[in-house]
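We did not get these values from a lab; they are worked out from the coordinates using the rules stated. Worth saying up front: this structure is predicted, and the values here are computed from it rather than measured. Here the Cβ is made from the backbone with ideal geometry for all residues, glycine too, and neighbour counts use every protein chain on show.
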Amino acid sequence: MAQGFVYVLINPSFPDQVKIGLTEQTSELRAKQLRTTGVPTPFIVVYDELVSECELVESKLHQRFAAYRVSSDREFFRIPVRDAVRALQEEAAIYKISDSVLSNQVEVLPQLKHYYSKYLKLDIASVAIVQLVDVCFLEITRRNYYPGLRDEIIERVDLAIVAAEMFSPQNSIDENTRRFLDDLDAYDLIMITSLFTEEGCKQISHEWERGNKLKHSSFFID
């Protein structure tokens with residue numbers, strides 16, 4: 001494995017620990033996969049980095065915090081979250097994926113605003129289809145502004161969870177973008193993304209239960 005995400009996860013059930021690992025898909029999908037019957041609360045992605053040598057970066061972090069490892073066969077460490085994030089930023093610095101690779105993306109927020117403007121979360125600043133060698137994902141950027149502080153939250157959804165063939169990285173990014181915008185309806189989006197407000201999700205679900213598919217319907221347009 002070479003290119004991939006190295007992540008820092010937390011779980012409310014283990015408040016004194018962080019999980020440091022890697023994935024070829026997205027960190028959010030990996031966090032969901034880790035939710036088993038033996039874990040009462042979901043894992044939360046605190047921070048991740050897309051790097052060219054994910055196994056090497058992960059290994060460096062594991063070595064760095066070896067004295068704080070909970071168990072030799074587990075990726076959990078008893079360290080402050082801020083220390084894990086800072087260490088990941090430092091170790092990932094020289095392995096970050098180049099801008100030319102990350103530029104293979106298409107911004108779709110304008111189209112989503114056209115279709116669903118009343119129901120999108122107000123703090124969404126960007127929604128992009130991003131395609132790498134082995135994965136095609138949706139990247140949602142949310143920004144909250146406070147006096148003297150800008151808080152940015154990035155969420156990624158591996159579109160293979162919808163259908164691996166439908167959003168294959170073997171397709172062109174233009175084809176995957178078209179499929180996302182044209183083949184998914186509002187109910188599909190509330191099932192796989194966090195784009196809509198809680199009230200918007202309730203209304204979409206209500207209409208879907210009544211048999212209205214709500215595909216780019218005027219129902220969503222002011």
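Some points to look at:
- When residues of the stretch 150-203 are limited to those that are among the acidic types (Asp, Glu) and touching a strand residue (DSSP E or B) at 6+ places or on another chain (Cβ under 8 Å), the one farthest from Lys32 (Cα to Cα): Asp174
- If only residues of the stretch 116-137 that are surrounded by 18 or more Cβ atoms within 10 Å (Cβ to Cβ) and not aliphatic (A, V, I, L, M) are counted, the one that is nearest to the chain's Cα centre (by Cα) is Phe137.
- Test: residue in the stretch 154-162 that is in a helix (DSSP H, G or I), within 17 Å of the chain's Cα centre (by Cα) and in contact (Cβ under 8 Å) with a residue 40 or more places away in the chain: yes
- Pair list, Cβ under 6 Å, 6 or more apart: the stretch 3-21 residue of a type outside the set (S, T, N, Q), other residue assigned to a loop (DSSP other than H, G, I, E, B): Gly4/Glu24; Leu9/Phe43; Pro12/Thr41; Asp16/Arg78; Lys19/Glu75; Ile20/Glu75; Gly21/Glu75
- Screening the candidates Leu9, Leu61, Leu88, Leu29 for the property of being within 22 Å of Ala160 (Cα to Cα) and assigned to a helix (DSSP H, G or I) yields one hit, Leu29.
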